[in-house]
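See below for the structure under consideration.
The values are calculated or read from the model by the stated rules, or taken from the named source; none is laboratory data. Everything numeric in this text was worked out from a predicted model, so none of it was measured. Cβ: placed from backbone, ideal geometry, glycine included. Neighbour counts: every protein chain shown. For accessibility, only protein heavy atoms count, side chains too; no ligands or nucleic acids. Shrake-Rupley method; radii C 1.70, N 1.55, O 1.52, S 1.80 Å.
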Amino acid sequence: MKTKLPAPERFDAMIIGAGAAGMMCALIAAQGGRSVLLLDQARQLAEKIRISGGGRCNFTHLHASPQNYLSHNPDFCRSALARYTPQHFIALLERHGLHYHEKTAGQLFCDEGSEAIIALLKAECDAAGVRWCMPCTVTRITRDEMFRVVTTRGEYHAAALVIASGGLSIPKIGATPFGYQVANQFEVPVTPLKPGLVPLTFAPQEWERYAALAGVSLEAVVSCGRQRFRGDLLFTHRGLSGPAILQISSYWEQGHPLSIDLLPDTDLSGLFVAQRGSRMLLGNFLAQYLPKRLAEIVATQWLENKPLDQLAGKALRALADRLKDWRITPSGTLGYSKAEVTCGGVDTRALSSKTMACNDVPGLYFIGEVVDVTGQLGGYNFQWAWASGHAAGIAIRGK
Ligand code: FDA
């Protein structure tokens, strides 16, 4: 005898992915009286928020604006960012009695830590009556007059389906290509994907000479094309990392060289002129301005570690120029296992910038990192997750 399956439950909106964007969308839609089901495959809620900002969650950037985002359609994020600003999230935090501090200019971190942000979002969802379904895996999605979603926990029907399943970075904590697959299924275009905010690597034979520098860090200006970032740069066994490198990595394309100013505030040429006739060893002289290990490598490998008065003025000028404009071409990146974000995603030209809904598939929404909007380092990615989740949540309320 066949057992009768329970009739599918019906919701106004079903959201797949209970991360930053998904929870924000769920709570906004549910606060407006909509019935919302929030589904996630993970056992632990919002792992990416948990590990973010070294456990303190850099939850926004005070000066977030469209210039801080990469996209094939740079104006797309404008509307959502304008309607849900950093101040809105700060107000939410304050309503929950949480505190924050500004670390680097504009970057806000939660004093109580990432767990407190997760708890806040969960509490808001619960208070608004959001139904949770996790861990749960989606096995099939079909659409007629509504979306029919078959899962390992049964079938659910919804008028609106929101994809908030994030990007490909850090598969070990649950990142999957699910969102891009749904886009393909509904013929929504996806722009090329690549790891962003990721350490850069160099060919082993080229890097051998710098491998002894692993662990050395200094402030530098890193440029690629027209983009430039000032910040800490860290030498690693396989290449370069640190905030300035992570920032430029999102703009870097295979084969393009980087230009690195290792002495952004120092006029080394002028200092060499002032030191004419000095018997100080080049390495010791450079160590006044650069970390000692780097000074030694530069002195021995880029010139000769001799007293300054034994080195030609022209050679010293060339060395000074090279330290201001060190040209080096990465061979690759450490990939999605180390990337903070995925650059590229669901093509924004197929979405409404006001609602995040697909132009050609009524009721289907994409929000957060799965969309081709990628923030720079510094809280911009969460601000996009909040803002895009809010935009879709408001649109679903209005249905
Ligand atoms: P998010 O990844 O948060 O959530 C997606 C959800 O979908 C997950 O819960 C996942 O389990 C679920 N999911 C995936 N596939 C699924 C499937 N097939 N079925 C069901 N569910 C599925 N940003 C920032 O602004 N400040 C910061 O401090 C940091 N720090 C940081 C550190 C590290 C180590 C990383 C890797 C990333 C950051 N980020 C960051 C980036 C930030 O975490 C990221 O941009 C947002 O979490 C994106 O939010 P989303 O909600 O789009 O995806």
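At 1.4 Å probe size, put Ser169, Ser352, Ser337 in order of accessible surface, largest to smallest.
Ser337, Ser352, Ser169
For Thr60, what residues show an amide H to amide H distance below 5 Å, using hydrogens built from the backbone and excluding near sequence neighbours?
It is Leu108, by chain and number.
For the stretch 191-256, run through the GluC sites (Glu not before Pro) and keep only the ones in DSSP coil with at most 15 other Cβ atoms within 10 Å of their Cβ.
Glu253
For Tyr289 and Arg50, compute 0.36 nm times the residue count separating them, minus their Cα-Cα distance, and round to one decimal in nm.
82.2 nm
Using θ = phi - 60° and the Karplus relation 6.51 cos²θ - 1.76 cosθ + 1.60, list the HN-Hα couplings for the stretch 259-270 in order, rounded to whole Hz, with x at every Gly or Pro.
Listing the rounded values in order: 10, 10, 9, 7, 9, x, 10, 10, 8, 5, 4, x Hz.
To the nearest 10 degrees, how steeply does helix 20-31 sit against the main Cα axis of the chain, on a 0 to 90 scale?
The two axes meet at around 30 degrees.
At Ala274 and Arg153, where each label point lies 7 Å from the Cα along Cα→Cβ, what is the point-to-point distance in nanometres?
Going by the 7 Å Cα→Cβ label model, 6.7 nm.
Which of the three applies to the stretch 88-224, rounded, prolate or oblate, going by the alpha-carbon gyration tensor with a ≥ b ≥ c and a/c under 1.5 meaning rounded?
Note, shape of the stretch 88-224 comes out oblate.
Assuming R0 = 30 Å, can you tell me the calculated FRET efficiency for the pair Arg317 and His237, based on Cβ-Cβ distance, to the nearest 0.05?
Details: r = 32 Å, r/R0 = 1.07.
With R0 = 30 Å, the Cβ-Cβ based efficiency is 0.40.
Please label the shape of the chain as rounded, prolate or oblate, based on the square roots a ≥ b ≥ c of the eigenvalues of the alpha-carbon gyration tensor (a/c under 1.5 means rounded; beyond that, a/b larger than b/c means prolate, else oblate).
Cα axes put the chain in the prolate bin.
Dividing the Cα convex hull volume of the stretch 119-200 by residue count, how many Å³ per residue is that? If you can, show how the numbers build up before the last one.
Values: hull volume 11.5 nm³, N = 82.
Dividing the Cα hull volume of the stretch 119-200 by its residues yields 141 Å³.
Which is farthest toward the positive dipole end of the stretch 200-333 among Phe229, Leu303, Ile260, measuring Cα position about the Cα centre, with Cβ charges +1 (Lys, Arg) and -1 (Asp, Glu)?
So the residue we want is Leu303.
Mind ranking Ser217, Ser79 by accessible surface for me, highest first, 1.4 Å probe?
Ser217, Ser79
Rounded to the nearest percent, how much of the accessible area of the chain (1.4 Å probe, protein heavy atoms only) is carbon and sulfur?
51
Out of the stretch 9-65, which trypsin sites (Lys or Arg not before Pro) are coil in DSSP terms and have no more than 11 other C-beta atoms within 10 Å? The partial results should precede the final answer.
Details: sites: Arg10, Arg34, Arg43, Lys48, Arg50, Arg56; in loops: Arg34, Arg43, Arg56.
When the trypsin sites (Lys or Arg not before Pro) of the stretch 9-65 are filtered for loop state and at most 11 Cβ neighbours within 10 Å, Arg43 remain.
Contact order normalised by length for the chain, with contacts defined as Cα pairs under 8 Å and 6 or more residues apart; what percent is it?
26
At 1.4 Å probe radius, can you tell me the per residue accessible area of the chain in Å²?
Here the per-residue accessible area is 45 Å².
Shape verdict for the stretch 265-310, please, from the Cα gyration tensor: rounded (a/c under 1.5), prolate (a/b greater than b/c) or oblate. Can you show the working numbers first?
On the way: a/c = 1.89, a/b = 1.15, b/c = 1.65.
Cα axes put the stretch 265-310 in the oblate bin.
What is the set of long-range amide H partners of Glu112 at a cut-off below 5 Å, with H atoms built 1.01 Å from backbone N?
Close amide H contacts, sequence-distant or interchain: His99.
Rounded to whole Hz and in sequence order, give me ³J(HN,Hα) for the stretch 346-361 from the Karplus expression 6.51 cos²θ - 1.76 cosθ + 1.60, θ = phi - 60°, writing x for Gly and Pro.
Karplus-based 3J(HN,Hα) across the stretch 346-361 equals 4, 5, 5, 5, 9, 10, 7, 6, 7, 10, 6, 7, 6, 5, 9, 10 Hz.
Once the piece of chain linking His72 and Ser337 is laid out straight, how much longer is it, given 0.36 nm per residue of separation minus the C-alpha distance between them?
93.0 nm
For Arg143, list long-range residues whose amide hydrogen, built 1.01 Å from N in the peptide plane, is under 5 Å from its own amide hydrogen.
Arg148
Can you give the extra length, in nm with one decimal, that the chain gains between Glu102 and Thr137 once fully stretched, where that is 0.36 nm per residue apart less the Cα-Cα distance?
8.8 nm
Report the Rg/Rh value for the stretch 200-333, based on alpha-carbon coordinates and the Kirkwood definition of Rh.
For the stretch 200-333, the value is 0.98.
So what is the diffusion coefficient of the stretch 147-240 in µm² per second by Stokes-Einstein at 20 °C and 1.002 mPa s, using a Kirkwood Rh over Cα pairs? Provide the component values of the computation, followed by the final result.
Numbers: Rh = 17.6 Å.
It diffuses with D of about 122 µm²/s by this estimate.
What accessible surface, in Å², does a 1.4 Å probe find on Phe186, ignoring ligands, DNA and RNA and rounding to the nearest 10?
Around 40 Å² of this residue is reachable by solvent.
Which residues in the stretch 226-245 have a backbone N closer than 11 Å to a point placed 7 Å from the Cα of Ala203 along the Cα-to-Cβ line?
none
Grab the DSSP H runs of the chain that are 4 residues or longer, score each as -39,500 (n - 2.57), total them, divide by all residues and round the 222 nm result to the nearest 500 deg cm²/dmol.
It comes out at -8000 deg cm²/dmol, rounded to the nearest 500.
So what are the ³J(HN,Hα) numbers for the stretch 189-204, from phi and the Karplus equation (6.51, -1.76, 1.60; θ = phi - 60°), rounded to whole Hz, Gly and Pro as x?
My calculation for the stretch 189-204 gives x, 10, 7, x, 9, 7, x, x, 6, 9, x, 9, 10, 10, 4, x Hz in order.
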